[in-house]
Amino acid sequence: MADLITHAAVAVLAQRLVRSPQVACLVAGSVLPDLLSRLPSMFFAEVDRRVHPLPTLLQFGWEPFHLPVGMLLASMGLALLFPEAHRRQVLAALLGGMALHLGLDLLQDHLGQGYLLGFPFIRGSFELGWIGSEATVPWAPLLVAIAAWSWRHPPKAQMLVAQRPVDSAEE
Amino acid sequence: VNGLLSDRHRVWKLSAVILLSLGLGVRYDHLAQTVPFNWDRCMEDPVAASGRQLTMALWQVTAIDGPDRYEVSRIIRDVPVAGPTAGLSLGQTVSVVGTFSPDGPVVLESFRRAHPWRRGKVALGLIGVVCALVGLPMAFRWRSGRLVTRWPT
């Protein structure tokens, strides 16, 4: 997986192209696969290693959130927490962010130990293996700088959308 | 999709999402225990596993036992590897491909890749987690039983 900073920066840059009205959801979608899977998995692995043995489910059970079917479920669940009027936009933005995340991760090479994209229906793993697993690290500062500039200077059409209070319909 | 995203039976839909996620987690856990052919599986029947290829991507060097032997750990701890240790250091992250040998038993290294940027990646990851934990509550809030975007609109 690429790091969260890179994922978020790529999502900010992608927003310039897709112009989603739910920017926060797009960026959140780009970091949620790692936050929902890797973070709890690493935490419980450390507890298992240092404190007390835990059921393996607590280490491996989060992994589907980093795979398409789990991403779909997570996006659906999260979208249901939003007001009904915005749900389609939110779902599209979350799924878009998660697809960006997976796309970036698939570029990496883990010696053939890729991602189980077809889980739970197909067992085979897949990765493109075009870049090393840390290839994005040296580029991250530059990417963040470009993303920050892009954030501060959105396209004019996007600025007009941003001025519209999206939540007002619910108030 | 409209039906799935409507407010009708919202609690049931959310419950279904949680249950399905739990089911996927259980299924993945089962898969993780059975599918990858790893060191533990080899050790169950070392002779039968002789020559099996093992791939250990992004494992940590936990011991260096001379010029041609070291140990790596990740989910499984202290897997012995036969291979040159020149340039290796404790705590370093490496990816190793090798074959299982019951004599030892040991993994005979056939390919190794160092990951010098791994610590930088971990550091960026930690910064990212902190940014996410600060940024997400700034971007969303809970209002009238619903999650709403508050920044940026």
How much space per residue, in cubic angstrom, does the convex hull of the C-alpha atoms of chain A take up? 147 Å³
Using a Gaussian network model of chain A whose springs link C-alpha atoms within less than 10 Å, name the residue from A:V69, A:V47, A:V18 with the highest mean-square fluctuation. A:V47
With R₀ set to 30 angstrom, the calculated FRET efficiency between the beta-carbons of B:L22 and B:N2, to the nearest 0.05, is 0.70
Per residue, how much accessible surface does chain B expose to a 1.4 Å probe? Answer in Å², no decimals. 57 Å²
Per-residue average of Cβ from other chains inside 10 Å of A:130-137: 5
Mark the label point 7 Å from the Cα of B:H30 along Cα→Cβ and return the residues of the range A:108-125 whose backbone N is within less than 13 Å of it. A:120-121
Once both label points are put 7 Å beyond Cα along the C-beta direction, the A:L13-B:S110 separation in nm becomes 3.7 nm
For chain B, what relative contact order do you get, as a whole percent, if you take Cα pairs closer than 8 Å and at least 6 residues apart? 15 percent
Rough spin-label spacing in nm, given labels placed 7 Å along Cα→Cβ, for A:R49 and B:M43: 1.6 nm
Here FRET efficiency (C-beta to C-beta, B:I76 to B:V130, R₀ 41 Å, nearest 0.05) is 0.85
In the range A:13-52, what percent of the accessible surface is made up of carbon and sulfur (1.4 Å probe, ligands and nucleic acids excluded)? 67 percent
The protein assembly as shown: D in µm²/s via Stokes-Einstein (Kirkwood Rh, Cα pairs, 20 °C, 1.002 mPa s)? 99 µm²/s
What full-extension length gain, to one decimal in nm, is calculated for B:L14 and B:D103 as 0.36 nm per residue of separation minus the Cα-Cα distance? 26.7 nm
For A:I131, distant residues with modelled amide H under 5 Å away: A:Q108, A:D109
For B:T99, what accessible surface area do you get with a 1.4 Å probe? Give it in Å², rounded to 10. 50 Å²
Surface accessible to a 1.4 Å probe, per residue, for the residues of the range A:9-67, Å²: 44 Å²
Across the residues of A:28-39, average count of Cβ atoms on other protein chains within 10 Å? 3
Peptide B:73-80: average number of partner chain Cβ atoms within 10 Å per residue? 1
Using θ = phi - 60° and the Karplus curve 6.51 cos²θ - 1.76 cosθ + 1.60, what whole-Hz ³J(HN,Hα) does each residue of the range B:57-73 get, with Gly and Pro shown as x? 8, 6, 9, 9, 6, 10, 7, 10, 10, x, x, 9, 8, 8, 10, 10, 9
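The values are calculated or read from the model by the stated rules, or taken from the named source; none is laboratory data. Predicted model, so just to flag it, every value in this text is computed and none were measured. For neighbour counting, all protein chains shown are included, and Cβ atoms are generated from backbone atoms with ideal geometry for every residue, glycine included. These area figures cover heavy atoms from the full protein model, side chains too; ligands, DNA and RNA do not enter into them. Shrake-Rupley method; radii C 1.70, N 1.55, O 1.52, S 1.80 Å.
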